[in-house]
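Before any comments, here is the structure.
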Amino acid sequence: MTFAQLQADVRRQLNESGTTFWSDEDVAEAVNEGYFEIADATEFYEREAAMLLLAGRSYYDLTSVIADTILSVRHVQNTETQKWLDQCDTRELDERTFVQWELTQGPPQKYLIRGNWWLGLFPKPQADLNNLRLYYTSIPDPMVDDDEEPAFPREFH
């Protein structure tokens with residue numbers, strides 16, 4: 001279904017053919033809000049981005065590194081070593097490595113999420129490198145043009 005068809009279907013379900021009660025903008029906004037809600041609930045919209053790693057820096061605020069509204073981090077790859085980073089947490093690093101793991105430098109091998117949007121790396125990079133590929137889920141851009149279709153598969157329109 002296109003954006004125009006979705007809006008027409010909403011008007012049909014509301015039993016309103018004109019703009020007496022709901023304007024075209026109201027209906028378009030409601031369709032997009034539903035679209036965003038589906039994206040938030042299902043995390044269907046997957047994206048990827050390259051990240052610049054800074055020497056000696058363990059943590060990166062994903063809201064300032066990535067322009068999209070990030071829902072979750074799916075995978076992280078070190079493009080220099082061609083290896084996927086393992087997800088871990090601070091407890092695991094404290095128990096399995098040593099208490100001062102945040103001071104260790106080298107090519108990143110593990111990642112962790114602290115809070116909602118902070119990506120941590122272990123070990124932290126020794127030099128500035130553009131060698132991290134981040135795969136994440138996001139909220140799609142709003143539909144604007146009448147011929148646009150939602151980004152999820154057609155059978156779910």
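The values are calculated or read from the model by the stated rules, or taken from the named source; none is laboratory data. Predicted model, so just to flag it, every value in this text is computed and none were measured. Heads up, the Cβs are rebuilt from the backbone with ideal geometry, glycines too, and the neighbour counts pull from every protein chain shown. Protein only, heavy atoms only, side chains kept; ligands, DNA and RNA dropped before computing areas. Shrake-Rupley method; radii C 1.70, N 1.55, O 1.52, S 1.80 Å.
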So ASP141 fits all but one of (1) assigned to a loop (DSSP other than H, G, I, E, B); (2) open to solvent by 60 Å² or more (accessible area, probe 1.4 Å); (3) farther than 26 Å from GLU46 by Cα; what number is the exception?
(3)
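Out of curiosity, is ALA127 out of contact with any strand residue (DSSP E or B) (no Cβ under 6 Å at 6 or more places or on another chain), open to solvent by less than 100 Å² (accessible area, probe 1.4 Å) and either within 17 Å of GLU48 (Cα to Cα) or among the polar types (S, T, N, Q) (or both)? Step through it out loud before you land on a result.
On the way: out of contact with any strand residue (DSSP E or B) (no Cβ under 6 Å at 6 or more places or on another chain): yes; open to solvent by less than 100 Å² (accessible area, probe 1.4 Å): yes; either within 17 Å of GLU48 (Cα to Cα) or among the polar types (S, T, N, Q) (or both): no.
Here the answer is no, as ALA127 does not meet what is asked.
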Take segment 29-66 and flag every residue that is touching a residue at least 60 places away in the same chain (Cβ under 8 Å), among the small types (Gly, Ala, Ser) and either in contact with a helix residue (DSSP H, G or I) (Cβ under 8 Å, 6 or more places away or on another chain) or closer than 18 Å to ALA151 by Cβ (or both).
ALA39, ALA49, SER58
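Would segment 53-60 turn up any residue that is part of a helix (DSSP H, G or I), surrounded by fewer than 15 Cβ atoms within 10 Å (Cβ to Cβ) and hydroxyl-bearing (Ser, Thr, Tyr)? Give the derivation first.
Quick first cut of segment 53-60, residues part of a helix (DSSP H, G or I) only: none.
So far as segment 53-60 goes, no, none of its residues is part of a helix (DSSP H, G or I), surrounded by fewer than 15 Cβ atoms within 10 Å (Cβ to Cβ) and hydroxyl-bearing (Ser, Thr, Tyr).
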What residue, among those in segment 97-119 that are out of contact with any helix residue (DSSP H, G or I) (no Cβ under 8 Å at 6 or more places or on another chain) and crowded, with 19+ Cβ neighbours inside 10 Å, is nearest to ILE70 (Cα to Cα)?
TYR111
Any idea which of (1) touching a residue at least 60 places away in the same chain (Cβ under 8 Å); (2) open to solvent by less than 40 Å² (accessible area, probe 1.4 Å) is the one ALA151 doesn't satisfy?
(2)
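If I ask for residues that are out of contact with any helix residue (DSSP H, G or I) (no Cβ under 9 Å at 6 or more places or on another chain) and open to solvent by 70 Å² or more (accessible area, probe 1.4 Å), which ones from segment 67-88 would you list?
Restricting attention to segment 67-88, the residues satisfying the condition of being out of contact with any helix residue (DSSP H, G or I) (no Cβ under 9 Å at 6 or more places or on another chain) are 67-68, 72, 74-87.
The answer is ALA67, ARG74, HIS75, GLU80, GLN82, LYS83, TRP84, ASP86, GLN87.
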Out of the residues in segment 10-35 that are at pLDDT 90 or above and among the acidic types (Asp, Glu), which is least open to solvent (accessible area, probe 1.4 Å)?
ASP26
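Do the conditions hold for ALA50, that is, is it in a helix (DSSP H, G or I), within 18 Å of the chain's Cα centre (by Cα), among the small types (Gly, Ala, Ser) and loosely packed, with under 15 Cβ neighbours inside 10 Å?
Numbers: in a helix (DSSP H, G or I): no; within 18 Å of the chain's Cα centre (by Cα): yes; among the small types (Gly, Ala, Ser): yes; loosely packed, with under 15 Cβ neighbours inside 10 Å: yes.
No, not satisfied.
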